[in-house]
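Reviewing the structure listed below.
The values are calculated or read from the model by the stated rules, or taken from the named source; none is laboratory data. Just so it is clear, the structure is predicted and the values come from calculations on it, not from any experiment. Glycine also receives a Cβ, built like all others from the backbone with ideal geometry; neighbour counts cover every protein chain displayed. Each accessible area value is taken on the protein alone, full model and side chains, heavy atoms only, with ligands, DNA and RNA left out. Shrake-Rupley method; radii C 1.70, N 1.55, O 1.52, S 1.80 Å.
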Amino acid sequence: MDENQLRQVRCFNRSFTRRIGVLSDDYLGTGRPLGEARLLYEIGPDGAVVRDLRARLGLDSGYLSRMLRALETSKLIVLKPDAQDARVRRAALTAKGRRAWGSLDERSRRMAASLLAPLGAAQRERLLAAMAEVERFLRASAVTIEIADPYGDEARACIDTYFQELQARFDEGFDPALTVSASPEELVPPLGWFLIARLEGAPVGCGALKIQDGGCGEIKRMWVAPSARGLGVAQRLLEALEARAVDAGVDVLRMDTHRSLAEARALYARNGYAEIAAYNTNPYAHHWFEKRGLERSA
């Protein structure tokens, strides 16, 4: 990676952390370091399940436990079994904690105002637009893609949501029993692979590679959650599936898609997939694509 790019990222990090005051143990004058203040804010008036806090903030279990203990010792929160699932703990604000949360919220508003107030109107708009873009790319860089168990709960949830979306988008509806199969047993190595994309610990997309006879492979079950669209997740899933296909010795990759899925057709076209004649009898397919001479993405 270009050294100048790395230098720019590090410079931005230093400038930003200094400007918003995260280097002090007294973040925004709360008497607490940033980590504890952020945790208090995330717990919020409605409370939060500890497991969800760990995933949302990307914290090590031990570090999170120490911060929760500090907030509990300060009588800002209480920890108790969750009403919906007694196996997990839930953090809730005490009366003192609610006052502290309100003060933190107001101090955060004042900090945001202090960043914008010195700037002219045009500069503010540019800064806000830049912040929105930086946030989007930071979210994109936080997405992970991993091989998953096609029989697992996460895989099943992704596929069910994908099928529900197809049912809503296809004029003729969608019946999984009528389409080309991609059952879990077909997606277990070496017959195939199932990938899941996650953001903040939660699945936000999936894709599958199904190995066929004669050195061919087929892309199946490509789906990205609406909340993660625009982050390049589909592109990364496709690249990961292509890399897996190269490792498996696949020379040709194919897929089919419905006429209503214009974004899928655009994805395949810009990645070098050529439209071909029908290679299957999928009743929900109107376009068929193929790519030869697979190579790993850089």
All but one of (1) closer than 19 Å to Glu154 by Cα; (2) free of Cβ contacts under 8 Å to residues at least 60 places away in the same chain; (3) open to solvent by 40 Å² or more (accessible area, probe 1.4 Å) hold for Gly201; which doesn't?
(2)
Out of the range 20-36, which residues are at pLDDT 90 or above, more than 16 Å from Thr94 (Cβ to Cβ) and out of contact with any Lys or Arg (no Cβ under 9 Å at 6 or more places or on another chain)?
Gly31, Pro33, Leu34, Gly35
Mind checking which pairs have a first residue in the range 258-284 that is in contact (Cβ under 8 Å) with a residue 60 or more places away in the chain and a second that is assigned to a helix (DSSP H, G or I) and hydroxyl-bearing (Ser, Thr, Tyr), Cβ under 8 Å, 6 or more apart or different chains?
none
Matching residues, the range 226-254, being among the hydrophobic types (A, V, I, L, M, F, W, C), under 27 Å from Arg139 (Cβ atoms) and surrounded by 16 or more Cβ atoms within 10 Å (Cβ to Cβ):
Ala228, Leu231, Val233, Ala234, Leu237, Leu238, Ala240, Leu241
Among (1) more than 22 Å from Glu165 (Cα to Cα); (2) touching a strand residue (DSSP E or B) at 6+ places or on another chain (Cβ under 8 Å); (3) small (Gly, Ala, Ser), Ala285 falls short only on (1)
Test result for Ile159, out of contact with any helix residue (DSSP H, G or I) (no Cβ under 7 Å at 6 or more places or on another chain), open to solvent by 40 Å² or more (accessible area, probe 1.4 Å), touching a residue at least 40 places away in the same chain (Cβ under 8 Å) and not hydroxyl-bearing (Ser, Thr, Tyr)
no
Residue tally, condition open to solvent by 40 Å² or more (accessible area, probe 1.4 Å), within 26 Å of the chain's Cα centre (by Cα) and aliphatic (A, V, I, L, M), over the range 255-297
3
Total residues in the range 14-41, condition open to solvent by less than 50 Å² (accessible area, probe 1.4 Å), in contact (Cβ under 8 Å) with a residue 12 or more places away in the chain and either over 16 Å from Ser103 (Cβ atoms) or among the polar types (S, T, N, Q) (or both)
4
Residues that are open to solvent by 30 Å² or more (accessible area, probe 1.4 Å) and of a type in the set (A, V, I, L, M, F, W, C), drawn from the range 42-69
Ala55, Leu57, Leu59
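Residues are listed down the side, and each one gets a yes or a no for (1) touching an Asp or Glu at 6+ places or on another chain (Cβ under 7 Å); (2) part of a helix (DSSP H, G or I); (3) at pLDDT 95 or above; (4) surrounded by 13 or more Cβ atoms within 10 Å (Cβ to Cβ):
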| residue | (1), (2), (3), (4) |
| --- | --- |
| Gly97 | no, yes, yes, yes |
| Trp101 | no, yes, yes, yes |
| Leu104 | no, yes, yes, yes |
| Met111 | no, yes, no, yes |
| Leu115 | no, yes, no, yes |
| Asp149 | no, no, yes, yes |
Can you confirm whether the range 181-196 contains a residue that is touching a residue at least 40 places away in the same chain (Cβ under 8 Å), among the aromatic types (Phe, Trp, Tyr) and touching a His at 6+ places or on another chain (Cβ under 9 Å)?
no
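Residues are listed down the side, and each one gets a yes or a no for (1) part of a helix (DSSP H, G or I); (2) in contact with a Leu (Cβ under 7 Å, 6 or more places away or on another chain):
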| residue | (1), (2) |
| --- | --- |
| Ile159 | yes, no |
| Phe163 | yes, no |
| Ala168 | yes, no |
| Gly173 | no, no |
| Pro189 | no, no |
| Gly207 | no, yes |
| Met222 | no, yes |
